[in-house]
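Engineer: Quick one: the structure is below, and I'll ask about it shortly.
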Amino acid sequence: MPTSPGGHRRPRRRRPLPRRENPSGPSCVTRPAPHAGNRPPTAPSGPPPRPSRTRTAPHLFTCRSTTTFSTCSAAGSSPVDPLPTRTEEDRVTAPRFSIVIPTRERPHTLEHTLTTCLAQTGDFEVVVSDNWSGPRTRELVEARADPRVRYVRTPALLAMTDSLEFAVSHARGEYVIVQGDDDGLLRHALAAVDAALTATGAAVLQWDSAVYNWPDVRNPYFSPDTLLLPLLHRPVGHLLRPRAARQVIAEVAAGRVPYSELPVIYNAVIKRDLFDRLRARTGRVFKTRTPDVHAAFAVAALVDTFHALRAPIGVCGRSGASTGVARHFSKKGSPIDNEFRRLNEAAGLPLHPWVPDLPPIPSAVADAFLWAKADLFPDDAGTNLDRAQLVRDCIAETELDGAAEWDEVRAACRAALADAPELLAWFEREYGAREWSELPRPDRGRHRSWRRYGPGHLFLDTAAFGARNVDDVADLCERLLGYARDGVNYHIETSAGDAERSELQEKESQVRYLTRECAELQEQLRRQHTAFTQHIGGQDERLRVQEERLKRQDEVLAGQRLRIVGLEKQTQKGVIGRLADLIRPRRAG
């Protein structure tokens, strides 16, 4: 079998899928309740499990993109069953990867997302799952006439959670990748992921993504036509390391790290067998109002470790129609948010009673965590939610423009704390009497403070490079990185202890960088202070001169006043003398 440049065996090419027709008619998706009962889970306590500290030698390899690939069938199976029956033949002929794209009325972005997926190399299929869109979506997919693409359509308009369940259920690949319909894959993505999976044998691989703001995004938090590209290459290569799953769950739940550290479906590849195990445990893969985050907690709970690749693989897109932008970075009441809420209510997807019904991301993450914990690890003492911190985070990240909105936020927080008198009393002491104008406001201009090149990122104006969509951005990233052409170097760390040391070294490097930045800022402030002091000193001197000039002018004016008074007296005496001279002769006569 041929090997990669790093000496690793390449996966065997798989045979194309046979075309199969599903004779059944459409059916609706049924779902169990996300939690048995409305009683919130208990809050266990105790230390989280410690990761293994077995030390093994690190490994280095390179993956390169190839120009040949196997194809799989584009048979138009009807969207009849969210859990298609799998045969032994399916397992033998299944492609290595299924790239699943759930979509809803976004053909203008889907077109470019699909292009980035079809630009990949290797053994894969693309499943476009249409959530009851208009005819333009189907026409766009069929116009590709690509045998690697399959189009499926939901039997009715579904909530995002049920739409994802439907979409992923049609995946046939050994591994499943999910892409939003305004996201994209970089040119080297599938080749790099395949090599990493082959080298590690991982069931779950999480990666970093570039972030792209589409030209039509209209939100004060995001600048249109901008790209944030993570630059995480080390001298030995990009870090590929195991992570202790429960420890990451605990850190995300406590708010110490962002939820993107979990294997979220949009920045991870997951073995399809894990989805089958999750369905066997809980009845389905996706639950709650935030199905991607809930599935990330759930998948992490099923494995002891997952691998994390510190290299850009995908592009997280934010477009004008993004549900995430409408939900978490805007106020309630937008058309997208209204439809999202209406479909969730129709699907019976309640918010956890401990969670304030507010837009910020911490609310969604907490909701996903609590339901996943109740289903999969209710007795884990090391994974708990800090409810007071959740309330603080939600308030700090909520947009407020008046006292009425502040009253609504406080009502939502009080409802979430109603079962805990001590927490409710704390809330009243902390926020009960505070005016909305006294609260810290979210930093809308944070993206404007990013430097063009900083610690671990490159921030670009994509319009300046002629990039107007996610496929153009994938081309731009390839011109910058060259990973599809030259290959991607990885430094594999095979134990959690090695990974922790590398993470510590990386954080130390960032601390050194930030220390230098602080020193530069202090020097800049010192120079500005000196210049300001000198400027003030010059102003003081000019003021002193002006004061002396005014003083002299006052003295001159005072002398002139004395002269005027003297002249007036002389004039009066002269006038009186002349009058006296005129009066005397008349009296004498």
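The values are calculated or read from the model by the stated rules, or taken from the named source; none is laboratory data. Everything numeric here is computed off the predicted structure, so don't read it as measured data. Because the Cβ atoms are built from the backbone with ideal geometry, glycine has one as well, and the counts that use them run over all protein chains shown. Surface areas here come from the heavy atoms of the whole protein model, side chains and all, with no ligands, DNA or RNA. Shrake-Rupley method; radii C 1.70, N 1.55, O 1.52, S 1.80 Å.
Engineer: Out of Leu582, Leu557, Leu543, Leu525, report the one residue that is over 60 Å from the mean Cα position of the chain (by Cα), among the aliphatic types (A, V, I, L, M), modelled with pLDDT of 80 or more and assigned to a helix (DSSP H, G or I). Can you show your working first?
Structural biologist: Values: Leu582 fails: modelled with pLDDT of 80 or more; Leu543 fails: over 60 Å from the mean Cα position of the chain (by Cα); Leu525 fails: over 60 Å from the mean Cα position of the chain (by Cα).
Answer to the check: Leu557.
Engineer: Same structure, new question: Which strands (runs of 3 or more DSSP E) does the range 80-196 wholly contain that include 2 or more residues that are within 19 Å of Lys271 (Cα to Cα) and at pLDDT 95 or above? Outline the logic, then answer.
Structural biologist: On the way: elements: 97-103, 124-130, 149-153, 175-178.
Passing ranges, in order: 97-103, 124-130, 175-178.
Engineer: Continuing with this model, one more query. Return the total of residues in the range 335-365 being in a helix (DSSP H, G or I) and in contact (Cβ under 8 Å) with a residue 60 or more places away in the chain.
Structural biologist: First, the residues of the range 335-365 that are in a helix (DSSP H, G or I): 335-347, 361-365.
Filter once more, keeping what is in contact (Cβ under 8 Å) with a residue 60 or more places away in the chain: 340, 343-344, 346-347, 361-362, 364-365.
Total satisfying the criteria: 9.
Engineer: Can you tell me which residue is farthest from the chain's Cα centre (by Cα) among those in the range 248-258 that are of a type outside the set (Val, Ile, Thr) and surrounded by fewer than 23 Cβ atoms within 10 Å (Cβ to Cβ)?
Structural biologist: Within the range 248-258, the first condition is being of a type outside the set (Val, Ile, Thr), and the residues that meet it are 250-251, 253-256, 258.
Checking which are surrounded by fewer than 23 Cβ atoms within 10 Å (Cβ to Cβ) leaves us with 250-251, 254-256, 258.
Working: Ala250: 19, Glu251: 17, Ala254: 18, Gly255: 15, Arg256: 15, Pro258: 9 Å.
Filtering the range 248-258 for residues that are of a type outside the set (Val, Ile, Thr) and surrounded by fewer than 23 Cβ atoms within 10 Å (Cβ to Cβ), the one farthest from the chain's Cα centre (by Cα) comes out as Ala250.
Engineer: So which residues in the range 321-338 are open to solvent by 40 Å² or more (accessible area, probe 1.4 Å) and more than 19 Å from Ser363 (Cα to Cα), if there are any at all?
Structural biologist: Pro335
Engineer: Has the range 370-380 got at least one residue that is free of Cβ contacts under 8 Å to residues at least 24 places away in the same chain and either open to solvent by 20 Å² or more (accessible area, probe 1.4 Å) or not in a helix (DSSP H, G or I) (or both)? Steps first, answer last, please.
Structural biologist: From the range 370-380, those free of Cβ contacts under 8 Å to residues at least 24 places away in the same chain are none; that's our starting set.
Scanning the range 370-380, I find no residue that is free of Cβ contacts under 8 Å to residues at least 24 places away in the same chain and either open to solvent by 20 Å² or more (accessible area, probe 1.4 Å) or not in a helix (DSSP H, G or I) (or both), so the answer is no.
Engineer: It is to be established whether one or more residues within the range 155-174 are within 26 Å of Asn469 (Cα to Cα) and open to solvent by 20 Å² or more (accessible area, probe 1.4 Å). I'd like the intermediate steps shown before the answer.
Structural biologist: Filtering the range 155-174 for residues within 26 Å of Asn469 (Cα to Cα) gives 160, 163-164, 167-168.
Subsequent filtering for residues that are open to solvent by 20 Å² or more (accessible area, probe 1.4 Å) retains 160.
Yes, because at least one residue in the range 155-174 is within 26 Å of Asn469 (Cα to Cα) and open to solvent by 20 Å² or more (accessible area, probe 1.4 Å).
Engineer: Still on this structure, I have one more. From Ala196, Ala245, grab the single residue that is over 16 Å from His457 (Cα atoms), open to solvent by less than 20 Å² (accessible area, probe 1.4 Å) and in contact with a Cys (Cβ under 9 Å, 6 or more places away or on another chain). Steps first, please.
Structural biologist: On the way: Ala245 fails: in contact with a Cys (Cβ under 9 Å, 6 or more places away or on another chain).
Selected residue: Ala196, the only one of Ala196, Ala245 that is over 16 Å from His457 (Cα atoms), open to solvent by less than 20 Å² (accessible area, probe 1.4 Å) and in contact with a Cys (Cβ under 9 Å, 6 or more places away or on another chain).
Engineer: Being open to solvent by 10 Å² or more (accessible area, probe 1.4 Å), hydrophobic (A, V, I, L, M, F, W, C) and over 20 Å from Ala366 (Cα atoms) is the filter here; which residues of the range 275-306 pass it?
Structural biologist: Ala280, Val303
Engineer: For Lys271, work out the one condition from (1) among the charged types (D, E, K, R); (2) modelled with pLDDT under 95; (3) open to solvent by 30 Å² or more (accessible area, probe 1.4 Å) it doesn't fulfil.
Structural biologist: So the condition that Lys271 fails would be (2).
Engineer: Sticking with this structure for a sec: Looking at (1) open to solvent by less than 20 Å² (accessible area, probe 1.4 Å); (2) within 25 Å of Phe329 (Cβ to Cβ), can you tell me which one Asp216 breaks?
Structural biologist: With respect to (1) open to solvent by less than 20 Å² (accessible area, probe 1.4 Å); (2) within 25 Å of Phe329 (Cβ to Cβ), Asp216 is out only on (1).
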